[in-house]
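Working notes, structure below.
Derivation of every value follows stated rules applied to the coordinates shown; laboratory data play no part. Just so we're clear, the structure is a prediction, and the values are computed from it rather than from any experiment. Glycine gets a Cβ as well: all are built from the backbone with ideal geometry, and neighbour counts include every protein chain shown.
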Amino acid sequence: MPTWAAWCLVGLLVALLVVNTLLVPSVDGHPHVPEVITAGVYLAVSIALHEASHVAALHIFGRSIDKIGFRMNHWVFPAFSVRMNQSLLLSRQEQVCVHAAGLLVNLVVNAVTLACNRWSWQSPALDFAASAVFIAAAWNVVPVLNSDGYRVLLSLTGTNATRELRANPSWLISLKIVGVLFVIAVVTHTVFTFTRSALA
């Protein structure tokens with residue numbers, strides 16, 4: 001896979017983020033039970049598609065997964081994951097493709113769903129569900145901690161991150177520190193928002 005193709009995938013990822021941003025409606029008020037159920041089902045399907053896309057991309061390049069599992073990302077965020085140690089045997093361009101595959105599929109499906117809902121179905125529950133999936137996908141694009149965006153960035157730069165923080169390049173150390181601060185800020189904001197809503 002040539003380098004230009006890997007960069008095209010990154011450009012496509014950015015373009016799909018913009019398209020999704022333009023299509024996401026403003027959701028007012030608190031979600032109702034049908035919206036929460038629809039969001040749960042849609043999110044489950046999106047997660048399955050996301051992980052299946054990673055697996056398919058890895059198989060295209062002649063490699064296989066180690067295992068599929070569930071874990072707590074950074075001890076805070078529940079997540080399903082595919083362990084893909086064999087992706088390290090791929091070229092960095094192929095690694096970009098493997099790590100970006102789940103995000104690309106999620107954002108394409110979500111954009112189509114949002115467009116169809118806007119111009120045809122007009123379901124508030126589906127609007128809420130697709131908005132929730134967009135937020136989850138956008139979060140996963142941000143190159144912090146162990147996100148797919150982080151792995152794409154490492155692949156693009158040909159950087160091998162190590163567990164020993166000081167052994168990494170200075171730009172990567174800074175990114176890791178910003179990532180931790182970002183997660184702390186998001187968790188704090190979320191807790192504050194829910195607490196304020198509960199007390200109101």
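Among the trypsin sites (Lys or Arg not before Pro) in the range 113-200, which ones are in a DSSP loop with at most 15 other Cβ atoms within 10 Å of the Cβ? Mind listing them?
Values: sites: 118, 151, 163, 166, 176, 196; in loops: 163.
Hits after loop and neighbour filter: 163.
I'd like the orientation of helix 3-23 relative to the chain: the angle between its Cα long axis and the longest Cα principal axis, in ° from 0 to 90, rounded to 10.
Taking Cα atoms only, the helix is inclined about 10 degrees.
What do the square roots of 5 times the Cα gyration tensor eigenvalues come to for the chain, in whole Å, largest first, as semi-axes of the equivalent ellipsoid?
Working: eigenvalues 177, 96, 48 Å².
Listed largest to smallest, the semi-axes of the chain are 30, 22, 15 Å.
Output the 0 to 90 degree angle, nearest 10, between the alpha-carbon long axis of helix 148-157 and the longest principal axis computed from the alpha carbons of the chain.
Relative to the chain, helix 148-157 is tipped by roughly 30 degrees.
Across the range 168-185, in residue order, what do the Karplus-derived ³J(HN,Hα) couplings come to in whole Hz, using 6.51 cos²θ - 1.76 cosθ + 1.60 with θ = phi - 60° and x for Gly and Pro?
For the range 168-185, the Karplus-derived couplings read 8, x, 4, 5, 6, 4, 4, 5, 5, 5, 4, x, 5, 4, 5, 5, 4, 5 Hz, x marking Gly and Pro.
Compute the whole-percent fraction of alpha carbon pairs in the range 133-186 spaced more than 14 Å apart.
Details: 785 of 1431 pairs.
Value for the range 133-186 (Cα pairs over 14 Å): 55 percent.
What is the Rg over Rh value, at two decimals, for the range 161-200, using alpha-carbon atoms and the Kirkwood definition of Rh?
Working: Rg = 15.4 Å, Rh = 11.9 Å.
Looking at the range 161-200, the ratio lands at 1.30.
Can you tell me the relative contact order of the range 3-159? Whole percent, Cα pairs under 8 Å, sequence separation 6 or more.
32 percent
How big is the range 62-137 by Rg and Dmax over its Cα atoms, in Å?
16.1, 46
State the Cα centre-to-centre distance between the range 1-56 and the range 119-186 in whole Å.
Taking the Cα centre of each part, the range 1-56 and the range 119-186 sit 13 Å apart.
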